[in-house]
C-alpha cells in the first residue's frame, strides 16, 4: 500500500521518539524516519547519560529535542512530545526501532481508510527477522495467569496463543484489542481526547491501557502487517533489569485493577499475591543469570 502522490508524510505525521540511553540506535531510528519523509521529529530524552541525544543533534540539527530532566517513564515522556507536536497524526516510537521503507505510508493509509480508527500498529520484527507478537487481545484473568505460568515453559499453550493472537492473519489489516507502544501511529485528536498515556504506568501496559480507553471511547485499533519495523528491544531497559521487572508486574496489576469488573474484582488480592511471587522468582532468575555471566567473563 502507498499514499497518493498528493499526500506528504512530512505534512501529516509528527514522530515522537522516547529516548533513554539508546546509544547509536537513536541515530538509526531518526535516520529511518527521515528516510520515510517525516519532517517533524521530536525526541524526548529521559535524562540519558550516554550522550545519545547530543550525538543525534550533532548530525540532525532539525530534530526538536525535549529534555525531561529525569527518567519519567515511557508514557509520561511520550506525552511531553505529543503536547508539542504539530501534525494531525503522531507516530510514537521507542528509540531502538528502525522503520522499514513504506511503513509510514501503510499506517497512514490504514487510518485514512476508516475514520473510526484511532491507532494503527505495524508488524514488529525481532533483529533476526522473526515477528514479535505486537498485536494482542486484552487478557482475561485466566489468560493472564495461564500465560504468566506457562508462557516461558510452553510458548504454544492455549492461554498464550489466545492472548498473543497466535492465529493472527499477517496478510491483512486486522482489528485487534491493542498494539505495542514500541511503535504505532495515532490520530492526534484521539490522543488529546484521551489525555495521552496514563502517567501512573512507569513502563509496560501503558499501551494496553491507552488502547483500552480508546476502544471504550468508540475508536478502533488495527494491526497493519504491510508496515514493518525492526525493534532491537531492551537497549536501555537491560541496564536496570530489576527496576523493569518491578515496573512490569506493577503495571500488570494496575491494568487489571482498572479493567476488571463484577465478581472478577474479588480475585485481585490473589492476583497481587501471585504477581508478587512471580516477581520474586523472576528476580532470582535474573540474579542467577547475572552471576553466571560474571563467572563466564572471569574464566
Restrict the check to region 107-114 and report whether at least one residue is surrounded by fewer than 17 Cβ atoms within 10 Å (Cβ to Cβ), part of a helix (DSSP H, G or I) and modelled with pLDDT of 95 or more. yes
What about residue 133, is it modelled with pLDDT of 95 or more and under 19 Å from residue 227 (Cβ atoms)? no
Among the residues in region 64-78, are any within 29 Å of residue 112 (Cα to Cα), assigned to a loop (DSSP other than H, G, I, E, B) and free of Cβ contacts under 8 Å to residues at least 40 places away in the same chain? no
When you check residue 142 against the structure, is it at negative phi, modelled with pLDDT of 95 or more, over 15 Å from the mean Cα position of the chain (by Cα) and not in a strand (DSSP E or B), yes or no? no
Among 170, 222, which is more than 14 Å from residue 75 (Cβ to Cβ), touching a strand residue (DSSP E or B) at 6+ places or on another chain (Cβ under 6 Å) and modelled with pLDDT under 95? 170
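Filter region 36-87 for residues that are within 21 Å of residue 210 (Cα to Cα) and out of contact with any strand residue (DSSP E or B) (no Cβ under 8 Å at 6 or more places or on another chain); which is surrounded by the most Cβ atoms within 10 Å (Cβ to Cβ)?
Step one: of region 36-87, the residues within 21 Å of residue 210 (Cα to Cα) are 42-44, 46, 71-87.
Still in the list and also out of contact with any strand residue (DSSP E or B) (no Cβ under 8 Å at 6 or more places or on another chain): 71-73, 75-76, 79, 83.
Values: 71: 19, 72: 19, 73: 23, 75: 25, 76: 22, 79: 22, 83: 14.
Applying the filter and picking the extreme gives 75.
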For residue 227, are the conditions met, namely being at pLDDT 85 or above and under 21 Å from the mean Cα position of the chain (by Cα)? yes
Of the conditions (1) over 25 Å from residue 71 (Cβ atoms); (2) part of a helix (DSSP H, G or I), residue 32 fails just one. Which one is it? (1)
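The values are calculated or read from the model by the stated rules, or taken from the named source; none is laboratory data. Everything quoted here is computed from the prediction, not taken from an experiment. Note that we place each Cβ from the backbone using ideal geometry, even for glycine, and neighbour counts take in every protein chain shown.
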